[in-house]
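Presented below is the structure to which this report refers.
The values are calculated or read from the model by the stated rules, or taken from the named source; none is laboratory data. Here the structure is a predicted model, which means the values were calculated and not measured. Glycine gets a Cβ as well: all are built from the backbone with ideal geometry, and neighbour counts include every protein chain shown. For the accessible areas, the whole protein counts, side chains as well, though only heavy atoms, and no ligand, DNA or RNA atoms are used. Shrake-Rupley method; radii C 1.70, N 1.55, O 1.52, S 1.80 Å.
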Amino acid sequence: MDDREELNEIIAGCQRRDDAAFSRLVNAYSKRCYGYFYRLSGNAETSDDLLSKLFMRLVEKIGSFKGGSFEKWLFTIASNIFYDHLRHQYRQKRLIEARVKQIMEETPPRPTDSEMGDKLQQQLSKLDDDTAGLIMLRFYGELSFKELSELRGEPIGTTLSKVHRGLKKLRELMGGTNA
Amino acid sequence: MPDKNDNIEQLLGGFMNEVEAHEAAADIHRGDELLSEYPAPLPNAHLLEEIKAEVSRSLAAGRKRVYWVRRVVAVAAAVIIIASVMLLWHGGGTTPVYPGTAGLWDDTAITNLRAEMDAVLDTMISLEADEYGFDEGAGDFAEVELEELEMVATNDDFWKG
């Protein structure tokens, strides 16, 4: 059985509300989705929450998957969940700012775990959210440029340009280590 | 490495000259290599077990709900059918209508019965469609609540001058 057939079998099982199929889906996609959330949030606890939220959302929505690229469908949901989280965080930040400024001074908007001494994580946070999101969506979602541009509702040239500029800037920030 | 359906150089060629496209494609490949060099941490096994357990609980709750919804709909359908048959049987108290003589049934009564049956079926279908209780707007309450809090905060500031 090839990967595609196996995936189709898993999806069909999930649509029949089969526990075992959902378990296989978690095994198949948790690493990539976690990586996506982690690289964008820079926080392990947030990534844990978002990953749980994603799979619960899949339980609700799997019936609406009608074929096509599963990765594109899955990462569209993941991306929506992440941006909902960002909006929520932003609103909360504004509220708290209005009330208790001093607390916010101790709480940066995108906290970084100590374990993330990882240089890439630090440099990634210097890119704008849109570009970082696009790069991570492409890398962890393994989406094509066509899929990315459809997902973002923008021309493919714009997507190409953003990814190119973003990756180039990231390499510069990293000191061009792998040039 | 996300190259699955892309010939990046060819794609870029649609927007720049050959040399630039070659260079930009190389930039993108080097960027991908950089991301591969720094893999993100993996989710821990305990988290994955928790997610699977939560999914399992949610599926079980969904099945239970569907079971009860089906029972309620079936009972409601039975009540409507019995009530309609009784109504037809007595023919409004003037002209008795007997089973086995369907051709003699009053057309309006049959139409009403069909309409009732359709309504029950529609309810059943819509309940089935929503059988796992997905509510797209579930997050909206939190949003509204935050907006309200925000307004309160703004008003407070206003009175403070």
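Partner chain Cβ atoms within 10 Å, averaged over the residues of A:9-21 - can you pull that number for me?
Details: counts 0, 0, 0, 0, 0, 2, 0, 0, 8, 1, 5, 2, 0.
Taking the mean over all residues of the peptide, I get 1.
If the chain between A:N27 and A:E154 were fully stretched, how many nm would it gain, using 0.36 nm times the residue separation less the Cα-Cα distance?
Length gained, A:N27 through A:E154: 42.5 nm.
To the nearest whole number, what is the average tally of beta carbon atoms from other chains within 10 Å of the beta carbons of peptide A:87-99?
Per residue, the average neighbour count from other chains is 3.
When you look at the Cβ of every residue in A:144-152, what mean number of other chain Cβ atoms sits within 10 Å?
Working: counts 7, 8, 3, 4, 2, 0, 0, 0, 0.
That works out to 3 on average.
Project the alpha carbons of chain A onto their principal axes and report the range along each, largest first, in whole Å.
In descending order, the Cα extents are 53, 42, 31 Å.
Rolling a 1.4 angstrom probe over the protein chains, ignoring ligands and nucleic acids, what is the accessible area of A:H85 in square angstrom, nearest 10?
Using a 1.4 Å probe on the heavy atoms, I get roughly 40 Å².
Could you work out how far apart the two model spin labels at B:E116 and A:Q92 are, taking each label as a point 7 Å from the Cα in the direction of the beta carbon, and quote it in nm?
The answer from the label model is 5.3 nm.
Using helices alone, what [θ] at 222 nm do you get for chain A, with -39,500 (n - 2.57) per DSSP H run of 4 or more residues, divided over all residues and rounded to the nearest 500? Mind dumping the intermediate values first?
On the way: 9 runs with 135 residues, N = 179.
Calculated from helices alone, the mean residue ellipticity at 222 nm is -24500 deg cm²/dmol.
What accessible area, in Å² to the nearest ten, does a 1.4 Å probe give for A:D49?
90
Would you mind getting me the FRET efficiency between A:K168 and B:A45? Use the beta-carbon distance for r and R0 = 30 Å, nearest 0.05. Can you show the working numbers first?
Numbers: r = 37 Å, r/R0 = 1.23.
The calculated FRET efficiency here is 0.20.
Given 0.36 nm per residue, what is the gain on full extension from B:V69 to B:H22 after removing their alpha carbon distance, in nm?
10.8 nm
Quick one: check the C-alpha center-to-center distance for segment B:33-65 versus segment A:1-76, whole angstrom.
After rounding, the separation between the Cα centres reads 8 Å.
Using r as the Cβ-Cβ distance of A:E9 and B:A53, and R0 as 30 Å, what FRET efficiency do you calculate, to the nearest 0.05?
0.85
Heavy atoms of the protein only, probe of 1.4 Å, neighbouring chains included. What is the accessible area of B:E33 in Å², nearest 10?
80
So, in nm, how far is label A:D2 from label A:K126 when the simple model puts each one 7 Å beyond its Cα toward the Cβ?
4.3
Per residue in segment B:41-57, which ones lose no less than 30 Å² of accessible surface when going from chain alone to all protein chains (1.4 Å probe)?
Listed by number, the residues meeting the 30 Å² cut-off are B:P41, B:L42, B:P43, B:L47, B:L48, B:I51, B:K52, B:E54, B:V55.
For the interface of B with A, what's the total buried accessible surface in square angstrom, probe 1.4 angstrom, rounded to the nearest hundred?
Between B and A, the summed buried area is about 4900 Å².
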